[in-house]
1. Testing the spin-label approximation: label points 7 Å from Cα along Cα→Cβ at residue 201 and residue 306. State their distance in nm.
2. If you rank 73, 272 by fewest surrounding Cβ atoms within 10 Å, what's the result?
3. Calculated from the structure, Rg and Dmax of the Cα atoms in Å equals which of (1) 17.4, 50; (2) 17.6, 55; (3) 23.3, 77?
4. Take every DSSP beta bridge whose two residues both sit in the chain, then give the antiparallel share in percent to the nearest 5.
5. Please report, to two decimal places, log10 I(q)/I(0) for segment 111-250 at q = 0.10 Å⁻¹ as given by the Debye formula with identical point scatterers on the Cα atoms and no solvent.
6. Taking the beta-carbon count within 10 Å as an exposure proxy, list 299, 136 from fewest neighbours to most.
7. Once you keep just the Cα pairs under 8 angstrom separated by 6 or more residues, what percentage relative contact order results for the chain?
8. Cα gyration tensor of segment 64-119, axes a ≥ b ≥ c as square roots of the eigenvalues: rounded (a/c below 1.5), prolate (a/b > b/c) or oblate?
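Just so you know, all these numbers are worked out from the coordinates, no wet-lab data involved. Predicted model, so just to flag it, every value in this text is computed and none were measured. Cβ sites come from the backbone with ideal geometry, for glycine too, and all protein chains shown count toward neighbours.
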């Protein structure tokens, strides 16, 4: 049995139909975790949609109103790059609620894993790149508002730069942001994160890990965050359709486990969310995300949680 909770809702699916973003992956991941005996039904928590008040800690009233009333402009939809639907909006509110619940679980157990979320391209006043609501930012602001944490660190391993994350926390010394991504790739405009690790096209496991792990270690030692939010991208995979890095499935699991070890060695609770993954075989994307849970399980069993939040 897993020593932490998994957060999942069957309505995480973004209702995209035929689209390069396989949002059915959330169901496939949850099913595989149970089928393979990694998780039991009791390991799962079912989130509620985030409260509008929590969404509004990050997003503008105008953008929230557009989403809830279906009054996005043609330009809004073009930049968002996914078709609008009420189901889409519900999925984003649920993802934000799921990341809040995962953070609350991590405060208790050392890990909390949202089988969804990681929508790191969302800005306060608009959506971009399949992302309408920035669930990780919403969860951080909620945990700070509740007084559970004061500081947070975001480690973003999606192949695309975490531009929304960087923009939201640009002038906030309480949040340390790290993004490792392919430089010559979407988005065109990349606001500065606290630390940006720009990878050249074709970088593989060894060079990637040599860049990431010392940066994570240095960030943790310098910043001492109360909680680490991990945006786990499957899209640095060598068979991904929207990326140009060359990581292997084993390399990606090593990436996850190594980051988690760095955090848990310092007794920093870890919240995991999923991000992009567009492999030619959806089974590969699913396995990469399942491996993130397996990495968390291994590290949680090696480094039991002892920090107590008041």
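1. Taking the simple label geometry, residue 201 and residue 306 are separated by 4.9 nm.
2. Values: 73 10, 272 31.
Lowest count first: 73, 272.
3. The value matching this structure is (1).
4. Working: 2 of 31 bridges.
Bridges in the chain that DSSP calls antiparallel: roughly 5 percent.
5. -0.31
6. Working: 299 22, 136 36.
Exposure proxy ranking, most exposed first: 299, 136.
7. Values: 671 pairs, mean separation 60.3, N = 310.
Relative contact order of the chain: 19 percent.
8. Values: a/c = 3.63, a/b = 2.78, b/c = 1.30.
It comes out prolate by the Cα gyration axes.
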